[in-house]
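Take a look at the structure below.
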Amino acid sequence: MAEASLKEQLNDAVKNAMRNKDKTRLTTLRMAQAAVRQIEIDERRDLSDEDVLQVLDKMLKQRRDAASQYDDAGREELGDKERAEMVILEEFMPDALTEDDLDGLIRMTISSTDAQGMQDMGRVMNELRPQVLGRVDMGHVSKKVRDALAS
């Protein structure tokens, strides 16, 4: 039997959260489902696992930013709520890449695209994005690619 799609995994997790009466988990998962559904309606298409990963990655980034803003404002309880939601969303993300794995992927991609310098940054990033999506912060990837192309 094929592995369930990310959308199916989200649906199953919502059902389990309802059964377990886990309010925080249920609310967070329903937000994720709503974000996925909204894009499907707006674009009139079914989202692939990669598309769902992009949605979840964006939600994680929003929560990371909000948590740091709440912490800076001295509102730790709200920051903790954001971090709790991040833990739930991270369950659906692929395993994180190590720095060594990321460096290897960047070197391979630069080599396979024959990138010569900064003018090829977009091409390298487009090739790399599907391989690292949801596994590492894209801002970090961008910085490392820029450094690699500059040297």
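Couple of notes before you dig in:
- When Gln54 is tested against (1) within 18 Å of the chain's Cα centre (by Cα); (2) surrounded by fewer than 14 Cβ atoms within 10 Å (Cβ to Cβ), only condition (2) is not met.
- Segment 127-151, residues that are over 16 Å from the mean Cα position of the chain (by Cα) and either surrounded by 11 or more Cβ atoms within 10 Å (Cβ to Cβ) or of a type in the set (D, E, K, R) (or both): Glu127, Lys143, Lys144, Val145, Arg146, Asp147, Ala148, Leu149
- Verdict on Asp49 being free of Cβ contacts under 8 Å to residues at least 60 places away in the same chain and over 30 Å from Glu8 (Cβ atoms): no
- Selection status of Thr98, touching a helix residue (DSSP H, G or I) at 6+ places or on another chain (Cβ under 8 Å) and among the hydroxyl-bearing types (Ser, Thr, Tyr): no
- Checklist (1) assigned to a loop (DSSP other than H, G, I, E, B); (2) crowded, with 18+ Cβ neighbours inside 10 Å; (3) not hydrophobic (A, V, I, L, M, F, W, C) applied to Gly74, failing item: (2)
- Count of segment 13-56 residues, restricted to those that are out of contact with any Asp or Glu (no Cβ under 8 Å at 6 or more places or on another chain) and over 24 Å from Lys81 (Cβ atoms), is 9.
- Where a residue in segment 52-66 is assigned by TED's automatic domain parsing to the domain that holds Gln38 and its partner, wherever it lies, is among the small types (Gly, Ala, Ser), with Cβ under 6 Å and at least six apart: Leu53/Gly134; Val55/Ala35; Asp57/Gly134
- Segment 42-71, residues that are in contact with a helix residue (DSSP H, G or I) (Cβ under 9 Å, 6 or more places away or on another chain), of a type outside the set (Gly, Ala, Ser) and assigned to a loop (DSSP other than H, G, I, E, B): Arg45, Asp46, Leu47
The values are calculated or read from the model by the stated rules, or taken from the named source; none is laboratory data. What you see is a predicted model, and the numbers here were worked out from it, not measured in a lab. Note: ideal-geometry Cβ built from the backbone for every residue, glycine included; neighbour counts use all protein chains shown.
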